[in-house]
Amino acid sequence: MNESPPEKITIGVSACLLGREVRFDGGHKRSRFITDTLAGHFELLAFCPEVAIGMGTPRQPIRLTGDAQSPEAVGVKTPELNVTQPLRAYGEKIAGDIHGLCGFIFKKDSPSCGVARVKVYNAAGMPERVGTGLFASEIMNAHPLLPVEEEGRLNDADLRENFITRVYVYARWKELIDSGISKSGLIKFHTRHKYLVMSHSNERYRELGQMLSDLTRASLADIADCYITTLMQTLSVPAMRKRHTNVLQHLLGYLKNNLDSASRADLNETIDEYRRGDFPLVVPIRLLQHHFSRHPHPYIKEQVYLSPHPQALQLRNNL
Ligand code: SF4
């Protein structure tokens, strides 16, 4: 298959999360998950927009003011300091340079890097609305499909697993596009992601299949654009236990002729215990992997669902 992700996928990261002392007060906001866990699996590219535009460290803190849709970044103590234009220009420049990135982790609450819920102050100096940091906003507008997340949200097991899953899907997609998209490549990509998509939504899986049912109705590039937009939107909401259970039962069906009745009953019971919340997802998954390693099935072997990301990340241990 062509669409295996590259060895080390590159993710952009707000530099302070990597332990760089670039914050306004000269400190950092190191995230252990990023530096101790993700760094072993991904190439991490650091960006500090405020340092990059020459604000220096330490520096006057800034905040967002005015309209939530197009806020200005001004000094907290020195409102005459307005860095809106340089921050936006830097974001625009970087957005044009990061086509190799497959994800971005931003620092929450920052007037430059925050993805959502960043305080926007009114003329009286009161936080009245919420918006998006100016750098993050430029990156996200230019790359609407790029998986992005804030480091604070990565403390949530569901959001963390969901983000990394999307990063790998996006990496496989970029590899497919970079190798020259073909009808057969697109169909294979869809086939491989069947159970992953079904763990989010059966309806969306059918909708995506429908999009590929007639590849002559429009240009392949247009169909591919439409396909990946819908796929990434579908995956952006974490999969629910009920949907995972449904997929696990489908997978069990591929083993029914290979397992004796005791092993089948054991697997069924394990899936049911997962459904009831007694076990995390990793338990039935490991059991299925074990059975499929003894009874390989060519269709299941190609399915992303059983290993959407490296096992060593242990992302399904708390789902
Ligand atoms: S939040 Fe963004 S701008 Fe602020 S210190 Fe971190 S990387 Fe720099």
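The values are calculated or read from the model by the stated rules, or taken from the named source; none is laboratory data. Worth saying up front: this structure is predicted, and the values here are computed from it rather than measured. For neighbour counting, all protein chains shown are included, and Cβ atoms are generated from backbone atoms with ideal geometry for every residue, glycine included. Please note that ligands, DNA and RNA were not included when accessible areas were found on the heavy atoms of the full protein model with its side chains. Shrake-Rupley method; radii C 1.70, N 1.55, O 1.52, S 1.80 Å.
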Item to complete: Kindly indicate whether Arg88 is in contact with a helix residue (DSSP H, G or I) (Cβ under 7 Å, 6 or more places away or on another chain), more than 10 Å from the ligand (Cβ to nearest atom) and of a type in the set (Lys, Arg).
Response: yes
Worksheet, complete the sentence: Restricting the range 24-34 to residues that are open to solvent by 40 Å² or more (accessible area, probe 1.4 Å) and in contact with a Pro (Cβ under 8 Å, 6 or more places away or on another chain), the one nearest to Pro111 (Cα to Cα) turns out to be Phe24
Item to complete: Being open to solvent by less than 30 Å² (accessible area, probe 1.4 Å), in contact (Cβ under 8 Å) with a residue 40 or more places away in the chain and among the charged types (D, E, K, R) narrows it down to one of Glu175, Glu138, Glu161, so name that one.
Response: Glu161
Worksheet entry | Tabulated pairs, the range 103-129, first at pLDDT below 95, second assigned to a strand (DSSP E or B) and within 10 Å of the ligand (Cβ to nearest atom), C-beta under 6 angstrom, 6+ apart or interchain | none
Worksheet item: Does Ile11 satisfy being closer than 22 Å to Lys93 by Cα, modelled with pLDDT of 95 or more and not small (Gly, Ala, Ser)?
Response: yes
Item to complete: Look through the range 35-50, keep the residues that are under 30 Å from Leu64 (Cα atoms) and surrounded by fewer than 18 Cβ atoms within 10 Å (Cβ to Cβ), and return whichever of them is nearest to the ligand (Cβ to nearest atom).
Response: Ala46
Worksheet entry | Only one of Leu64, Leu81 that is surrounded by 14 or more Cβ atoms within 10 Å (Cβ to Cβ), closer than 28 Å to Leu145 by Cβ and of a type in the set (A, V, I, L, M, F, W, C) | Leu64
Discussion item. For the range 156-208, give me every one of the helices (runs of 4 or more DSSP H) that falls completely inside it and has 2 or more residues that are among the small types (Gly, Ala, Ser) and at pLDDT 95 or above.
Written reply: 157-178, 183-192
Worksheet entry | Residue identified as assigned to a loop (DSSP other than H, G, I, E, B), open to solvent by 70 Å² or more (accessible area, probe 1.4 Å) and in contact with a helix residue (DSSP H, G or I) (Cβ under 8 Å, 6 or more places away or on another chain) among Asn258, Asn268 | Asn258
Practice prompt. Keeping to the range 56-71, report how many residues are in contact with a strand residue (DSSP E or B) (Cβ under 8 Å, 6 or more places away or on another chain), at pLDDT 95 or above and either within 10 Å of the ligand (Cβ to nearest atom) or among the polar types (S, T, N, Q) (or both).
Written response: 4
